[in-house]
Structures are given as C-alpha cells and as structure tokens.
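Q: Supplied in structure tokens, the structure appears directly below.
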Amino acid sequence: MAASAMAGLLAISGCAGPAAETFSAERAADVTPAATGWLHTDGGTIMDSNNKPYTIKATSWFGLETADCVPHGLWGTLTIDEALASIKSMGFNTVRLPFSNECLAATSIKGSVNYWANRAYNLEGKRPLDVLDTIVARAKANGLKIILDRHRPMSADQSPLWYTSAVPETTWISDWKMLAKRYRDDSTVIGADLHNEPAGAATWGGKASTDWHAASTRGGNAVLESNPNLLIIIEGIENQATAGGTWWGGGLADVGAKPVILKVPGRVVYSPHDYPGSLFPQKWFSDPTYPANLPAVWDRNWGYLQKKGIAPVLLGEFGSALQTESDRQWMASIVSYLEANKMSFAYWSFNPNSGVTGGLVKSDWRTPEAAKLAALAPVLKAVPGATPTPGPSQTAPVKPSPSPSATVPTPRPSPTATSGPTPSTGTSVSALWRLTSSWNGGYVASLDVTALKSVPAWSITWKDPNVSGIANSWGVTCTAIPKTSVTCTGSGWTTKLSAGQKVTVGLQVNSSKPPTNPVLTVK
C-alpha cells in the first residue's frame, strides 16, 4: 500500500494536552494482558497455546514503511498508548505493523513526532528499530499482538517482487532473520507477513526470478530458523495461472496444487487482499448477480484454502470509505463471509490518512468512525470505547489507492524524497520548504517554520505554475491560485508562535509537477 509521507519535527513547547498523560504505570497495570504463548495452525484453523481456535482480528497502523520511518499520527498529541488502547477498545486483538527495509536500517526517525506528548517513551534521537521495540512493548501492555509486515523494500514505493536492485533477496532474508531473533522470546510478535502485495511479474512457480512460491519458502524457512514459533504469513499474487487476474496480493488459487511446505509444520497462513469497486472495477463488480456472486469469487481465489482445511486464511487487507452503495454491499458481504467462516482478518487501516478507504478514526486520530465500526461489528463483537478527547485540529495527507487491477494498475504515487531550499527569512519567521513525496498529479511538502520573535500570525507563499488546488493540509490553512502560487497561513495551534518556537506543518497539493526549490515569500 502506498502512503503519502510527512517529514520533520513537531515540537510544540508546553503543548502536551490530555494525551500526554495517557501513559503511566498505573494505567499499564489496569490493562488486561493478551493470552500468553505462541500461535500455530491445525489444518484450516489457527490455534492458541492452549490448542483452542483463535481468530486474529487486526488493523494496520502504517507509517514505519514510509519516508517518515515512524507510525503516522504521532505528529500531534496522540501517544503510542492512546493509539493502541483505541485499537483494543474497538475489539481488535492484533496490530499489523508495516515497515520498510530502508527504515530498519535508518539511524534516526525521519518524520514528524511530537516528542513532548510522547515523552514517556524517550523517542527523540532513537532509531526506527527502537520505535518498533517500543510499540511491541506497549502492545503487550495493552493486550495486543503484533504482525510484522514487510510492506516495501525502500520507503519510496512498493515492489511487485520481494527484491529490488537496492534491496536484494539476501537483505530481505537477513532483515527477517534479525527481526525474528530480536523478538524470539516475546510472543507479542506472532507473525511475519513476508512481503506485501506481490504483483505484476510475480508467479506461483515458474522461473526463479519471479517465483513467489519458492521465495516465500526460502524466506519462511529462514525466519523459522531464528524463531520457530512465528506464523509465516504468505500473500497471493496478482496474475494467477488458474483463476486469472485479481488484486495485488489477492490471488491464491494456485496454492491448492502447489502449497508452501516449510521445515517447521503448522506455521503457514495465507493472506489475500481484497477491496471494493471504488478502487478498481474488477469484472465481478459488473456481474448482474452482484453482490451475491462475491462468495464464489472469494472461494475460488482464496477461501477454499481454509474451507478445505489446507491452511488458515488471514484476509490481510480490506477496507472502504463506504461512500457508495456498491461499496456498502461489498463490505456487508465480506464481513458476513469472514463471520461465517470464522476467518482471521486485518482491516486497512487505523490511520485516517488512507485516501480511498479512510481509517477507523477521524482526522483528529481519536474520534471513532462509527459507520465503519458498525459495519465490522459482526466480526469484532465489541462496542467502541469512550471517544478520546480531541487534540489540536490536524488533517494528514491522503493515502493513495491501495490495490491495483489485474491489467491496469490503479494509479499509485511514486514518492521521491528531495531536499528543499535553504531557509527563507522574513521579518518575523523563517521557513524551510521541503518536498517529501511526489507522483503524477500531486505532491506533499513540509514547512519548517521558526519564529524569530513572538508573532500573532504568519504566512508563506511560493510560486507553482502547475498547481490546480489543495487536497489536504495539517497545521496550516492553504489556498492556491491555479497555475500561479500557493499560500499557507498558520492555523489553530500554529497561528500564534512564541519567539524561538519551531513547528513543522504540511500540505498535499494537486499539481502536475512539483516546483523545484521554490523561493518563499515569508510574512
């Protein structure tokens, strides 16, 4: 899944807000811990350490796979514990945590974090790998399990195959072995999602360079050498030999004739992705029997694996903004399918900055999305907890379309990190403009603003001959003069700045091409 990136440091002096007090020893003691022990499989069923059937109910919290190298939402007053407690209160028992190999190797967090609000975790100056350690520890305290999801090799974009020239298979395997060993004694981490959404040239069998079946066998065995207790989560491919095209990662029809056999039995879980027609008009959405035809589509592509007792299925991604009748029908059908088959799942996503699907919380990162939780209620079997107190108003960048079609991929951005210009200085503030991601049709930019003296208001303008509008902004209010310029002014918690105060804000711009090192007019 591609996700727009944010970058920079959010450090709001003295602005902790209610969320800063959510983590304490007393609070941690009140949390009911998750069941101890590892999971395993028996035929088409996931079993717990007591050999009882167990359903993984997960949602994805993304950001560690992006150029930010940190879970999104921590740029405001949201804390790690607050996010995890919110996920638990909705009825989930697991967090699917995407990461990139690039972020695993990074020596520092790249994106925005309100270190003051999250001061209990001592994140400032830490590596993304240290942040991962913290999330695993706090998930355990909040009674949640973790699935590690190798979402992409480099943070700029996903890869249809498990390797790239920058991240070869040797790195993919060595990083997985490192993670498996790192959490070997902690059953909070229950699974390794080997590679997100194999697509394009990926095959199930065939030549070695594209054979995802063989690669997942090698990768799975390597993980189990470091920790034989993990579930090995294997996604499908886009272009199936026996059932035709489907979503990226969605096709497992070829598995029945050629399953993955690992050295440690009882470890394999297959994980398709599935989305509604708002993402791409797959042929089954135009079938005259829709939505009654959907269960047969799912049975053919992946559901048969669990129904026939070959292996359990974890629906690794699914989600919708529920804005069309077709999408609502799809959601009702897939939730009914999951419930009827007692199938594990991972909803995309917790984050509200998921463009096509939205998230489980609103843009304040606290208020639950009632309609989505109501749609998921049959499989969550939980009523959302109390609505957290909203913090400062903030809206994150939109996440582009999460899944492709069989033949013409849904457009996804290919972010390209670049350096911005040197700071521009006005009479009251200085500002640094930085391009953090771009794609065909838009870009995301961050603004590092430092007050030279106490100011009641400020604004920044730059020329953009290709701009057509503003898609989103956070920490600022932005307007555009088409094909001319963009102007952003402080908004809400960034309107007034104290002398020496630094804030990082940002926006997503609709533009055919981002400007190169634009000259800023700072007021």
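Q: Condition test on G358, is it closer than 23 Å to Q282 by Cα, modelled with pLDDT under 95 and assigned by TED's automatic domain parsing to the domain that holds G250?
A: Here the answer is yes, as G358 does meet what is asked.
Q: Which one of the conditions (1) in contact with a Gly (Cβ under 7 Å, 6 or more places away or on another chain); (2) under 28 Å from W116 (Cβ atoms); (3) surrounded by 15 or more Cβ atoms within 10 Å (Cβ to Cβ); (4) modelled with pLDDT of 85 or more does A457 fail to meet, given that it meets all the rest?
A: (3)
Conditions tested, residue by residue: (1) under 26 Å from the mean Cα position of the chain (by Cα); (2) at pLDDT below 95; (3) assigned by TED's automatic domain parsing to the domain that holds V361.
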position: I261; (1), (2), (3): no, no, yes
position: L279; (1), (2), (3): yes, yes, yes
position: Q282; (1), (2), (3): yes, no, yes
position: E317; (1), (2), (3): yes, no, yes
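Residue-by-condition table, conditions (1) at pLDDT 95 or above; (2) assigned by TED's automatic domain parsing to the domain that holds K263; (3) assigned to a strand (DSSP E or B):
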residue	(1), (2), (3)
I46	yes, yes, yes
L64	yes, yes, no
A67	no, yes, no
G76	no, yes, no
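Q: Same structure, new question: Just checking, which of P514, P465 is more than 20 Å from H72 (Cβ to Cβ) and buried (at least 18 other Cβ atoms within 10 Å of the Cβ)?
A: Only one candidate qualifies: P514.
Q: Let me ask something else about it. It is to be established whether one or more residues within the stretch 112-127 are crowded, with 19+ Cβ neighbours inside 10 Å, touching a Leu at 6+ places or on another chain (Cβ under 7 Å) and in a strand (DSSP E or B).
A: Yes, some residue in the stretch 112-127 is crowded, with 19+ Cβ neighbours inside 10 Å, touching a Leu at 6+ places or on another chain (Cβ under 7 Å) and in a strand (DSSP E or B).
Q: Select from the stretch 348-383 the residues that are out of contact with any strand residue (DSSP E or B) (no Cβ under 6 Å at 6 or more places or on another chain), under 22 Å from H151 (Cα atoms) and not hydrophobic (A, V, I, L, M, F, W, C) and list them in ascending order.
A: Scanning the stretch 348-383 gives N351, N353, S354, G355, T357, G358, G359.
Q: Now, a different point. Could we say that H213 is in the same structural domain as V268 (by TED's automatic domain parsing) and under 22 Å from the mean Cα position of the chain (by Cα) here? Can you show your working first?
A: Details: in the same structural domain as V268 (by TED's automatic domain parsing): yes; under 22 Å from the mean Cα position of the chain (by Cα): no.
So H213 fails the test.
Q: Return the only residue of V260, V264 being touching a helix residue (DSSP H, G or I) at 6+ places or on another chain (Cβ under 7 Å) and surrounded by fewer than 18 Cβ atoms within 10 Å (Cβ to Cβ).
A: After ruling out the rest, the residue left standing is V264.
Q: In addition: Of all residues in the stretch 133-160, count the ones that are closer than 30 Å to E238 by Cα and at pLDDT 95 or above.
A: Residues meeting the conditions: 12.
Q: Do we have C478 as surrounded by 18 or more Cβ atoms within 10 Å (Cβ to Cβ), out of contact with any helix residue (DSSP H, G or I) (no Cβ under 7 Å at 6 or more places or on another chain) and farther than 16 Å from S430 by Cβ here?
A: Details: surrounded by 18 or more Cβ atoms within 10 Å (Cβ to Cβ): yes; out of contact with any helix residue (DSSP H, G or I) (no Cβ under 7 Å at 6 or more places or on another chain): yes; farther than 16 Å from S430 by Cβ: yes.
Here the answer is yes, as C478 does meet what is asked.
Q: Continuing with this model, one more query. Cβ-Cβ under 6 Å, sequence separation 6+ or interchain: first residue in the stretch 179-201 and farther than 18 Å from S100 by Cα and touching a residue at least 60 places away in the same chain (Cβ under 8 Å), partner of a type outside the set (S, T, Y) and in a loop (DSSP other than H, G, I, E, B). Which pairs?
A: The qualifying pairs are S187/G37; S187/W38; I190/L39.
Q: How many residues are part of a loop (DSSP other than H, G, I, E, B), under 20 Å from N351 (Cα atoms) and not hydrophobic (A, V, I, L, M, F, W, C) if we restrict to the stretch 96-111?
A: 2
Q: Test L230 against the stated conditions and say whether it is touching a residue at least 40 places away in the same chain (Cβ under 8 Å), surrounded by 20 or more Cβ atoms within 10 Å (Cβ to Cβ) and within 19 Å of L129 (Cβ to Cβ).
A: Yes.
Q: Counting only residues that are within 17 Å of P160 (Cβ to Cβ), touching a residue at least 40 places away in the same chain (Cβ under 8 Å) and either crowded, with 24+ Cβ neighbours inside 10 Å or of a type outside the set (G, A, S) (or both), how many does the stretch 233-247 have?
A: Number of matching residues: 8.
Q: Could you pull out the residue among K513, K483 that is more than 24 Å from W116 (Cα to Cα), more than 32 Å from the chain's Cα centre (by Cα), outside the structural domain of S354 (by TED's automatic domain parsing) and not small (G, A, S)?
A: K483
Q: Can you name the condition, by its number, that A445 falls short on among (1) within 24 Å of D157 (Cβ to Cβ); (2) modelled with pLDDT under 65?
A: Failed condition: (2).
Q: Still on this structure: Going residue by residue through the stretch 88-95, is there one that turns out to be part of a strand (DSSP E or B), at pLDDT below 95 and either in contact with a helix residue (DSSP H, G or I) (Cβ under 8 Å, 6 or more places away or on another chain) or not small (G, A, S) (or both)?
A: Looking for residues that are part of a strand (DSSP E or B), at pLDDT below 95 and either in contact with a helix residue (DSSP H, G or I) (Cβ under 8 Å, 6 or more places away or on another chain) or not small (G, A, S) (or both), one finds none in the stretch 88-95, hence no.
The values are calculated or read from the model by the stated rules, or taken from the named source; none is laboratory data. What you see is a predicted model, and the numbers here were worked out from it, not measured in a lab. FYI the Cβ positions are ideal-geometry reconstructions off the backbone, even for glycines, and counts take in every protein chain you see.
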